[in-house]
Amino acid sequence: MPQLRRQYPFHLIEPQWQAHWDAQETFRAFNPGQPPAEAHPFAVRHPGAAPESLQKYYILDMFPYPSGAGLHVGHPEGYTATDILARFERMRGRHVLHPMGWDAFGLPAEQYAIKTGQHPRQTTEENVGNFKRQIKSLGFSYDWSREANTTEPGYFKWSQWIFLQLYNSWFNPATNKAEPIETLEYPADVTTDDAKREYRDDHRLAFVSHAPVNWCPELGTVLANEEVIDGKSEVGGHPVLRKPMRQWMLRITAFAQRLLDDLDTIDWSDSLKEMQRNWIGRSEGAEVDFSVQGAEECIRVFTTRPDTLFGATYMVLSPEHELVDQLTTDEQRAAVEDYREAAARKSDLERTELAKEKTGVFTGAYAINPVNDEPVPIWIADYVLISYGTGAIMAVPAHDERDLEFAQKFELPVRVVVEAPEGESLGYTGNGISVESDFLNGLPTPEAKAKIIDWLEKQGQGTRTINFKLRDWLFSRQRYWGEPFPIVWRDGHHEAIAEHDLPVLPPELDDYKPTAEGDPPLARAADWVNLPDGVTRETNTMPQWAGSCWYYLRYLDAQNDERFVGETAERYWMNVDLYVGGTEHAVLHLLYARFWHKVLFDLGHVSTPEPFQRLVNQGIILGEDGQKMSKSRGNVINPDVILDEFGADSFRLYEMFMGP
């Protein structure tokens, strides 16, 4: 059988043509004003035509993280599909841009450095070399002259530059767009230099906050929610705690409505759009103020069902809520502290899992329901998150599943205030008729909502509000292998470094662990951190998402040292005509990239309000065990083995016929 296969000597023919394509730069695309050589295949296909005179087609793969395991046979599925389309569009006479690069910052290379002492750059370069060899062996028609690598100083210089655009901007609600921070006007009572600085810093799109984060002591870094599984780190399975830390944040929430509205302007699947809509989570309702019995404090809650206020029989605060310490009585303090410590060890996903048993502790304090002046007990429970709404809820157990489970477990009062159109009213969460609700009695839900909000606003105890589930983007990591922030600290205040000082390069280190005091690894480089006049560098680094937020723009003008992308090239190529990648990036990379692009659009740096006009998700090739291929599961099939036996053409064709 092997002899029969070799009747077609793919092992000779395929490498020969791949080498020819490399030497000729056969698949190179040309920017406006860059005429190809007369003998170049582009000039042969389009004699006498300027590149910019042709209809362009920009087809993009989600660029890979170059792991030590190399490619597995699942990677080329999407790459093969886009390559078929790229070749087809060239045959149709279009000017095709089909690039490839590397999302190369990441925790695995840093963990390997901690274990072996090998610099992450060396590991990354070796992995990139292997990935590139494997991809080239598959015969794809990529334009390698535009190859981008997020770890190269010539690339992350511009990642840092884009961060400075965010830092030096604010969101103007009057114009609904990002504007230079210099356009922010100070209120009349903001007069001193310190007050002006604080006011500006509070409005920047990149700002500093003390936020509860997923802290992994073993890895010595903050983890994103998606990097925590069942309370443990995805890498290594180490315990993860919730801990307040100083972090850089990006004000993506200011763009929530635009991110929602502009989904209607792009050609994405309905399911993918719905995933983004759910993640953004727009809801209309009211913020309501509950006074605290015997205290001056006031607890503000957000609710989408203010019509059920008469059914609120207790309140729940997030364990991280700032008022917990003040409200907890001496008798309850030990129990509250124990509960808060236990909650800190859980991820947000674990805490909000509907199937889990409800837990909580009474603080000993009572709030006053503003509509009937009844005292309601204040509890803390981990199913309420500080990151959503105000971190406090009014609990209406008769009309909320989680509240009802909680009330039944702890024997708290349950009061039906919405009559279901038919069937049982207890546990009913839809629209109905208000009952046991004083001046709302007999009103259908929409009218009851409007009337109670008007009443709250008239009484000064609430306001009509639109809320979003989307939270501001936690943008800093306590790692070495990432982009250093272009920020310094002077007298306790942060400042941007000058653009001409970019890129900020990471220092050379022998030890990549956090310091004994828990500071990030960069803090070990005292000579790098401490600048003249008492100025110090920021020691956090950016997350891996930073480089992937804009790589599609760098491909357009990858060798440009003067701008992150040339204006002419950007206007010709944007936006991406077809973007292909996995659904796992639906609400993270894709949302973050859209946010960055909108800021760049508002500031006049790009010409389109959206980056990706059409997006398609490819399927997943599972391992023999029916699970997604992963080195840790031991079910990875290396394409090198398949190519050695069958060749690239057979492999690509086989993968395309696996799908529906």
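The values are calculated or read from the model by the stated rules, or taken from the named source; none is laboratory data. Since this is a predicted model, take the numbers as computed values, not measurements. Cβ coordinates were reconstructed from backbone atoms using ideal geometry, including for glycine residues, and neighbour counts include every protein chain displayed. Just so you know, the surface numbers come from the protein's heavy atoms only, side chains and all, with ligands and any DNA or RNA stripped out. Shrake-Rupley method; radii C 1.70, N 1.55, O 1.52, S 1.80 Å.
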Note to self: For a protection proxy built on the mean count of beta-carbon atoms within 10 angstrom, sort 230-238, 199-207 highest first, please.
What the structure shows: 199-207, 230-238
Check: So what is the relative contact order for region 513-660, in percent, with contacts set as C-alpha pairs under 8 Å and at least six apart?
Finding: 15
Note to self: Can you tell me the orientation of helix 445-459 relative to the chain, as the angle in degrees between its alpha-carbon axis and the longest Cα principal axis, to the nearest 10?
What the structure shows: 70
Note to self: As I understand it, the dipole of the chain uses +1 on the Cβ of Lys and Arg and -1 on the Cβ of Asp and Glu, about the Cα centre. Which of V587, T116, G442 lies farthest toward its positive end?
What the structure shows: T116
Notebook entry, point to check: With each pseudo-label sitting 7 Å past Cα toward Cβ, what's the Y199-I84 distance in nm, one decimal?
Noted result: 6.0
Notebook entry, point to check: Leaving out ligands, DNA and RNA, what percent of the accessible area of the chain is carbon and sulfur, probe 1.4 Å?
Noted result: 50
Next item on the list: May I ask you to rank K157, K243 by accessible area, largest first, using a 1.4 Å probe over the protein chains only?
Entry: K243, K157
Next item on the list: Please give, to one decimal in nm, the separation of the simple spin-label points placed at E297 and R92, each 7 Å out from Cα toward the Cβ.
Entry: 6.3
Note to self: As a test of the formula, what do you get for the chain when each DSSP H run with n ≥ 4 contributes -39,500 (n - 2.57) and the sum is divided by the residue count, at 222 nm and rounded to the nearest 500 deg cm²/dmol?
What the structure shows: -9000 deg cm²/dmol
Next item on the list: Calculate one ³J(HN,Hα) per residue across region 324-341 by plugging θ = phi - 60° into the Karplus curve 6.51 cos²θ - 1.76 cosθ + 1.60, and present them in order as whole Hz with x for glycine and proline.
Entry: 4, 4, 5, 8, 5, 7, 4, 5, 9, 4, 4, 5, 5, 5, 4, 5, 4, 5
Check: With charges only on Cβ, +1 for K and R and -1 for D and E, what is the dipole size of region 384-496 about its Cα centre, in debye, rounded to 20?
Finding: 520
Next item on the list: Would you mind checking K346/K469; K177/K451; K56/K136; K232/K358; K136/K628; K136/K598 for any pair whose Cα atoms are more than 29 angstrom apart?
Entry: K177/K451; K136/K598
Next item on the list: Would you mind checking the tilt of helix 153-167 against the longest principal axis of the Cα atoms of the chain, expressed as 0 to 90 degrees and rounded to 10?
Entry: 30
Check: Across region 516-532, in residue order, what do the Karplus-derived ³J(HN,Hα) couplings come to in whole Hz, using 6.51 cos²θ - 1.76 cosθ + 1.60 with θ = phi - 60° and x for Gly and Pro?
Finding: 4, 7, x, 6, x, x, 4, 5, 5, 8, 4, 5, 6, 6, 8, 9, x
Next item on the list: For region 240-269 and region 594-626, write down the distance between their C-alpha centroids in whole Å.
Entry: 14
Checklist line | Gain in span if fully extended, R345 to R45, counting 0.36 nm per residue against the direct Cα distance | finding: 101.8 nm
Note to self: I need to check one value: relative contact order of region 44-157, counting alpha carbon pairs closer than 8 Å and at least 6 residues apart, in percent.
What the structure shows: 34
Next item on the list: For the chain, find the longest principal axis of its Cα atoms and tell me its angle to the long axis of helix 107-116, 0 to 90°, nearest 10.
Entry: 80
Margin query: In Å², and per residue, what accessible area does the chain have when probed at 1.4 Å with the other protein chains present?
Written below: 45
Next item on the list: Give the residue from N127, L260, Y167 lying farthest towards the positive end of the charge dipole for the chain; charges sit on Cβ (+1 for Lys and Arg, -1 for Asp and Glu) and the dipole is referred to the Cα centre.
Entry: N127
Check: Which FRET efficiency value, to the nearest 0.05, do you get for K356 and S283 by plugging their Cβ-Cβ distance into 1/(1 + (r/R0)^6) with R0 = 25 Å?
Finding: 0.60
Item checked: Bins of 10 Å from zero: percent of alpha-carbon pairs in region 204-254 -> 27, 44, 25, 4
Notebook entry, point to check: Rounded to the nearest 0.05, what FRET efficiency is calculated for E495 and T568 with R0 set to 25 Å and r the Cβ-Cβ distance?
Noted result: 0.15
Next item on the list: Set Lys and Arg Cβ to +1 and Asp and Glu Cβ to -1, take the dipole of region 220-302 about its Cα centre, and tell me which of F290, L250, V222 lies farthest positive.
Entry: V222
Next item on the list: Compute the FRET efficiency between S387 and T265 as 1/(1 + (r/R0)^6), taking r as their Cβ-Cβ distance and R0 = 35 Å, and round to the nearest 0.05.
Entry: 0.75
Next item on the list: Take region 365-475, drop everything but the C-alpha atoms, weight them equally and run the Debye formula without solvent; then report log10 I(q)/I(0) at 0.23 Å⁻¹ to two decimals.
Entry: -1.53
Margin query: At 1.4 Å probe size, put D511, D640, D307, D438 in order of accessible surface, largest to smallest.
Written below: D438, D511, D640, D307
Item checked: the chain - charge dipole about Cα centre, Lys and Arg +1 at Cβ, Asp and Glu -1, debye rounded to 20 -> 1900
Check: In the set (1) 28.1; (2) 26.4; (3) 34.8, which value of Kirkwood radius over Cα pairs in Å was calculated from the structure you see?
Finding: (1)
Notebook entry, point to check: If the chain between R633 and H11 were fully stretched, how many nm would it gain, using 0.36 nm times the residue separation less the Cα-Cα distance?
Noted result: 220.8 nm
Next item on the list: Please work out whether region 452-580 counts as rounded, prolate or oblate from its C-alpha gyration tensor, where a ≥ b ≥ c are the square roots of the eigenvalues and a/c under 1.5 means rounded, while otherwise a/b larger than b/c means prolate and anything else oblate?
Entry: oblate
Next item on the list: Collect residues whose amide H, placed 1.01 Å from N in the peptide plane, falls under 5 Å from the amide H of K346; neighbours closer than 5 in sequence don't count.
Entry: R242
Margin query: What whole-number distance in Å separates the alpha-carbon centres of region 148-182 and region 410-466?
Written below: 45
Margin query: Is there a quick way to get the dipole size of region 205-325? I mean about its Cα centre, with the Cβ of Lys and Arg at +1 and of Asp and Glu at -1; what is the value in debye to the nearest 20?
Written below: 240
Check: Once label points are set 7 Å from the Cα along Cα→Cβ at both E411 and E25, what is their separation, rounded to one decimal in nm?
Finding: 8.1
Checklist line | Beta bridges per DSSP with both ends in the chain, % antiparallel, nearest 5 | finding: 80
